[in-house]
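The values are calculated or read from the model by the stated rules, or taken from the named source; none is laboratory data. Given the structure is predicted, the values throughout are model-derived calculations rather than measurements. Neighbour counts run over all protein chains shown; Cβ positions are idealised from the backbone, glycine included.
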Amino acid sequence: MRTMLLVNPKATTTNHRTRDVLTKALSAAMNLTVEETAYRGHAALLARKAHASGFDAVAVLGGDGTINETVNGLLNPVDGGGDEGGAAGRPALLAIPGGSANVFARALGLPNDPVQAVGAVLEAIGEGRRRTVGLGRALWEDQSRYFTFCSGLGYDAEVIRAVEGMRGTGRKATPARYVNTALQHYLLTDKRRPAMTVEGPGVPAAGGIFMAVISNTSPWTYVGPRPVCPTPWASFETGLDMLGLQRLGLPSMLNLMPQIIGVRDTLPTGRHLVQLHDEKEFTLSAERPVAFQLDGDYLGEVERVTFCSIPDALQVLV
């Protein structure tokens, strides 16, 4: 199997020695070409190159951001215009966790330890196991981007923006830093955010939403080993799910949090929740720009985003 391995040398939880061990293990099982990412967007360019050069697979040793870039490169192989012709015509993906959360890899059932994850991936290769997964796609202004597990508008994107600012000063994006930043941001910032409205084909319109979580799978994220599941019915085999919060006050949050932390199979309940499940398309519109993230990557402020489900988009060796 001809495989390109994309290595993020700045990945949070791996060091040079670990990367060498993992690379040697993968090289023993496949014809491996190793490329290091050097800047934001580089993984997408390398994945596009792998697709154009006829590689069978692209492996990623990095976090969710590097995986997101890789997926976008695989699905936009030439001109960035989008390639939704099916998973069989593009390289398969191997996800090896190396970031702070690794939500996509863990949602696939891979261990969070990169050495154990490589063992599981090699086992899948030996047994010829492949899984075809769906993706989400966000369209806003004149831009379009795929996502593997989640998007968000409002408070969660504001937290990601704050953590990315800290990373710019050299601090690592650890789970503890996300939790502490989320708490500080909630306690110290104004709760009066711009209201959003959701609508779409067959979707009942609802307004007054101040935070929206859009999910392509569950969990939405992890707090250390504990999953956070605001949309527990979401999966790679269905359309998109959404949880919208119409209240961000302390009573509403205290009611919600125990319902979404840990493994769940029931939807959270509350008077001020807007919930969607297995939707093909819907649009969120804000009365003024709100913070926006995809797969934990802050993308700025937007007023309108359309979300689409792209079924059977990608093959994963797992």
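Only one entry of A88, A50 meets the criterion of being surrounded by fewer than 14 Cβ atoms within 10 Å (Cβ to Cβ), aliphatic (A, V, I, L, M) and not in a strand (DSSP E or B), and that entry is A88.
Residues are listed down the side, and each one gets a yes or a no for (1) more than 27 Å from P9 (Cα to Cα); (2) at pLDDT below 95:
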| residue | (1), (2) |
| --- | --- |
| E158 | no, yes |
| M166 | no, yes |
| R177 | no, yes |
| T189 | yes, yes |
| G200 | yes, no |
| T221 | no, yes |
| R226 | no, yes |
| P232 | yes, no |
| M242 | yes, no |
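Contact map, the stretch 14-31: residues that are surrounded by fewer than 14 Cβ atoms within 10 Å (Cβ to Cβ) paired with residues that are of a type in the set (S, T, Y), Cβ distance under 9 Å, separation 6+ or inter-chain. Pairs shown: N31/T3. Evaluating K172 against the criteria (1) surrounded by fewer than 18 Cβ atoms within 10 Å (Cβ to Cβ); (2) among the charged types (D, E, K, R); (3) under 21 Å from the mean Cα position of the chain (by Cα); (4) modelled with pLDDT of 85 or more leaves one unmet condition, (4).
Being touching a residue at least 60 places away in the same chain (Cβ under 8 Å) and of a type in the set (S, T, Y) is the filter here, so list the residues in the stretch 228-246 that pass it. Scanning the stretch 228-246 gives a single hit, T238. Scanning the stretch 263-300 for residues that are buried (at least 16 other Cβ atoms within 10 Å of the Cβ), within 18 Å of the chain's Cα centre (by Cα) and more than 16 Å from D241 (Cβ to Cβ) yields A291, F292, Q293, G296, D297, Y298, L299. If I filter the stretch 262-274 down to residues being modelled with pLDDT under 95 and in contact with a strand residue (DSSP E or B) (Cβ under 7 Å, 6 or more places away or on another chain), which single residue comes out as farthest from V318 (Cα to Cα)? Ranking the candidates gives G262 first.
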